[in-house]
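Some notes on the structure that comes next.
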Amino acid sequence: MSERKLVNKVAVITGGNSGIGLATARLFNENGAKVVVIGQNDRSLQAVEKELGGNTLALKADVAKVEEIAQAMARVQETFGRIDILFANAGISECPPIQETDEEFFDHIMGINVKGVFFAFTKALPYLSQGASVIMTSSVSHKKGRPGDPLYAASKAAVRSLVRTLALDPEVLARNIRVNAVSPGAIKTPLTSQETPELEKAINDYIASTVPMKRWGRPEEVAEAVLYLASAEAAYLTGSEISVDGGLGES
Ligand code: NAP
C-alpha cells in the first residue's frame, strides 16, 4: 500500500454509514485516521463500527436537528480531543412533483441538505484543530438544471455557496482551516438505486447517453477525491470544488 495520508487524524463523516460516506470512512481508516461516522440507521452504524474496528466511533444523530449534531460533535471532542477532518456529506435526494411539494417537504430536504451541513460545520468549529480540513458534499446538480428535482439542485447549490463563503471567514482563515466541496455526478449508491429492473434499465440507459464517460461512478472514486482534499497534499485549496462526475458537469 502507498504511504498512509491521515495517520492519527480524527475524521468525522456525516452519512458515513452508506454510499459515498461509507467508502470514504473505509479509505480514511486504511489511511490511518480515527473515523467517526454519524447517521441514523442503527444496523448500518453498528456494521461500520464492527468492520472498521477499534478506532471507529459510530454516533446516531439526525443532522437536521441542531441539538443532535451539537451533542455528536461534543462526543467526538470528549472521545478524541479534537476534529481534524469534517466530511459533511449526509443528504437525501428524492423530490415529489413540484405541484405536490408542500412546506413540510421543503423544510425536510433543506433541513438535511443545507441546515444539516451548515450546523455540522458550526458545531464542529470549536473543536476543529489548526489546519483542519472541511469537505462538504455538493453535486453536479448545483451547476446543471435537474428537471424534477428543483429543491435537491437548489440545496446542493446552497452547499457550494456555503463552501465559497465559509472558506473566507476570518476566523477560519486565521486557524488555517480549509473548506472545500466535492461534487459527485451519477454515483452508484443506495441513493440512486431503483425500485424495479425496468427503472434500473431506464436509468442505466440514461446514464450511458448523458454522462460523457458513459458509466456510473463508484463511491470509491469520490472517496479518493475526498481523501485528497482532507490530506496535506491539498494544503493550498480552499473555497474550491472537485467534480467527480465523468465529465457530466462540463457537458
Ligand atoms: P446514501 O448511500 O443514501 O447515503 C446517504 C447518507 O446520509 C446515509 O448514510 C444516511 O444515513 C445519511 N443521512 C440521510 N439523512 C440523514 C439525517 N437526517 N441525519 C443523519 N444522516 C442522514 O447516498 P450517497 O449517494 O452516498 O449520498 C451521499 C451524499 O452525496 C449526499 O449528500 C448526496 O446528495 C450526494 N450526492 C450523491 C450522488 C449520487 O449519485 N449518489 C450525486 C451527487 C451528490 P442513514 O441511512 O442512517 O439515514
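The values are calculated or read from the model by the stated rules, or taken from the named source; none is laboratory data. All values reported here derive from a predicted model rather than from experimental measurement. Virtual Cβ from ideal backbone geometry, glycine too; neighbours counted across all protein chains shown. For the accessible areas, the whole protein counts, side chains as well, though only heavy atoms, and no ligand, DNA or RNA atoms are used. Shrake-Rupley method; radii C 1.70, N 1.55, O 1.52, S 1.80 Å.
Averaging Cα coordinates gives a centre for the range 166-215 and one for the range 1-26; these two points are 17 Å apart. Here's how it looks for LEU59: its modeled amide H is under 5 Å from those of VAL37, ILE38, GLY39, which are all 5 or more places away or on a different chain. Remark: the chain carries 48 Å² of accessible area per residue (probe radius 1.4 Å; ligands, DNA and RNA excluded). Each residue was assigned an accessible area with a 1.4 Å probe, and for ILE98 the value is about 120 Å². Estimated from helical segments only, the mean residue ellipticity of the chain at 222 nm is -12500 deg cm²/dmol, where each DSSP H run of four or more residues counts as -39500 (n - 2.57).
For the range 162-251, taking the reciprocal of the average inverse distance between every pair of different Cα atoms yields a Kirkwood hydrodynamic radius of 14.8 Å. Protein heavy-atom surface of the chain, 1.4 angstrom probe: 53% of the accessible area is carbon and sulfur, with nucleic acids and ligands not counted.
Is the range 57-179 rounded, prolate or oblate when judged by the Cα gyration tensor, a ≥ b ≥ c being the square roots of its eigenvalues, rounded requiring a/c under 1.5 and prolate requiring a/b larger than b/c? Show your work: numbers first, answer last.
Details: a/c = 2.79, a/b = 1.61, b/c = 1.73.
Judged from the Cα gyration tensor, the range 57-179 comes out oblate (a/c at least 1.5, b/c at or above a/b).
A P(r) calculated from all alpha carbon pairs of the chain, with 10 Å bins opening at zero, reads 8, 32, 38, 18, 4, 0 percent. Among beta bridges identified by DSSP and lying wholly in the chain, the antiparallel ones come to about 0 percent.
Our summary of shape: the Cα atoms of the range 10-92 have principal axis extents of 31, 28, 18 Å, ordered from largest down, in whole angstrom.
Placing unit charges on each Cβ (+1 for Lys and Arg, -1 for Asp and Glu) gives the range 145-197 a dipole about its Cα centre, and among ALA158, LEU191, ALA174 the Cα reaching farthest toward its positive end belongs to ALA174. Pull out a ≥ b ≥ c, the square roots of the eigenvalues of the alpha-carbon gyration tensor of the range 201-251, then state rounded if a/c is under 1.5, prolate if not and a/b is larger than b/c, and oblate in the remaining case. Prolate is the answer for the range 201-251, as a/c is 1.5 or above and a/b outweighs b/c.
With contacts taken as Cα pairs under 8 Å and at least 6 residues apart, the chain reaches a relative contact order of 19 percent.
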